[in-house]
1. Please pick out the residue among 114, 123, 149 that is touching a helix residue (DSSP H, G or I) at 6+ places or on another chain (Cβ under 6 Å) and not basic (Lys, Arg).
2. Looking at 266, 230, 275, can you tell me which residue is at negative phi, in contact with a strand residue (DSSP E or B) (Cβ under 8 Å, 6 or more places away or on another chain) and touching a residue at least 12 places away in the same chain (Cβ under 8 Å)?
3. Taking the options 224, 185, name whichever one is of a type in the set (Val, Ile, Thr) and farther than 23 Å from residue 26 by Cβ.
4. Could you please find all residues in region 210-226 being touching a strand residue (DSSP E or B) at 6+ places or on another chain (Cβ under 6 Å) and either surrounded by fewer than 18 Cβ atoms within 10 Å (Cβ to Cβ) or assigned to a strand (DSSP E or B) (or both)?
5. Need at least 3 residues that are surrounded by 17 or more Cβ atoms within 10 Å (Cβ to Cβ) and either more than 16 Å from the ligand (Cβ to nearest atom) or not acidic (Asp, Glu) (or both) per element, so show me which helices (runs of 4 or more DSSP H) inside region 90-202 make the cut, counting only ones lying wholly within it.
6. Can you name every residue in region 200-219 that is in contact (Cβ under 8 Å) with a residue 24 or more places away in the chain and either over 18 Å from residue 106 (Cα atoms) or not assigned by TED's automatic domain parsing to the domain that holds residue 126 (or both)?
7. I need every pair where a residue in region 1-24 that is more than 9 Å from the ligand (Cβ to nearest atom) and modelled with pLDDT of 90 or more has its Cβ under 6 Å from the Cβ of a residue that is of a type in the set (Lys, Arg) and assigned to a helix (DSSP H, G or I), sequence separation at least 6 or different chains.
8. Which members of region 57-73 meet the condition of being buried (at least 24 other Cβ atoms within 10 Å of the Cβ) and within 10 Å of the ligand (Cβ to nearest atom)?
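The values are calculated or read from the model by the stated rules, or taken from the named source; none is laboratory data. All figures in this text were calculated on a predicted structure; none of them were measured in a lab. Positions of Cβ are backbone-derived with ideal geometry, glycine not excepted, and every protein chain shown enters the neighbour counts.
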Amino acid sequence: MVRQRDRWAEWLAERRFGGDPEVRAELLEKLGRTRDRVLDNVHQLEGRTLLDVGCGDGLIAFGALERGAAEVVFSDISADLLEACRELATELGVLGRCRFLLAPADELSDVADSSVDAVTTRSVLIYVRRKQDAFAEFFRVLRPGGRVSVWEPINRFGSGFRTSESFWGYETSGLDAVIDKLDAVFAGLQPDDDPMLDFDERDLLELAERAGFTELHLELRADVEPMQPRSWQTFLHTSGNPKLPTLAEAMDRALTPAERRLLAERLAPAVEAGRGTHRLALASLWAVKP
Ligand SMILES: C[S@@+](CC[C@H](N)C(=O)[O-])C[C@H]1O[C@@H](n2cnc3c(N)ncnc32)[C@H](O)[C@@H]1O
């Protein structure tokens, strides 16, 4: 019997792409650029030790190995993802330079004080409620002069624009009852005090400064732009993050067959024509331990 991967592994491997190879290729290309930025912000890696917190399928960690890091600690709460990284490290012949650690970002006690030169984390703090404790751990494990590089989406940026007149950036006036039912599914799983929505870029800076970092740099990139046209099928089968259902799953859960048809009739043409507004904000923070 094939064992189901955990939700983190399943999302990274499949659900974020909606089963669409083109979307997958596009997203992975974008993520390659993000990986480079995250690693540029820790500067020198040759011969150094890096801890990647919430390593996922190894985007940042394998990038660090390519840049000549002597040792990389892959840490995550997903045993499936750590196993996948271990397999890939074996295939690539770099296993001897890797350590694997099953641990949450806010409890890294298996990493000794002042033992790593760099800490990276991308799109992980959005899942961590105790963010101050996570920054305290990053500070503790870094050597003096070591750097942390954090990259997080600021999901609050887009969420303020959620109304019953629009759904995920598409105009849906007149469909209020249907949209309210769908919103209830998503808001029930991810209320406004969810760790994904309870911070912005200034909080990240403050959390890092409070943890003890003395040199800090923050960049925010915010974009509001027309949606790209997308395939309705891909849209239906994509999930925004590992904790959420796809739109198709949420529709099955909350809507009657007639409501599903009504929504598809209105939304599918807008999605396929790119008639909507996309809002995205990304924060990158890097800081030095004195
Ligand atoms: C969106 S993925 C990002 C993966 C990887 N950092 C990347 O850039 O591709 C989020 C990752 O965070 C991990 N994660 C979720 N909650 C966590 C926590 N509390 N502590 C550490 N990792 C966590 C998940 O298992 C998943 O691998």
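1. Matching residue, one of 114, 123, 149: 149.
2. 275
3. After applying the criteria, what remains is 185.
4. Narrowing region 210-226 to residues touching a strand residue (DSSP E or B) at 6+ places or on another chain (Cβ under 6 Å): 213, 215-225.
Selection gives 215, 216, 217, 218, 219, 220, 221, 222, 223, 224, 225.
5. Working: elements: 131-141, 156-159, 176-189.
Correct list: 131-141, 176-189.
6. The answer is 200, 201, 214, 215, 216, 217, 218, 219.
7. Sorted first by the residue in region 1-24, then by its partner, the pairs are 17/24.
8. Within region 57-73, 58, 60, 61 meet the criteria.
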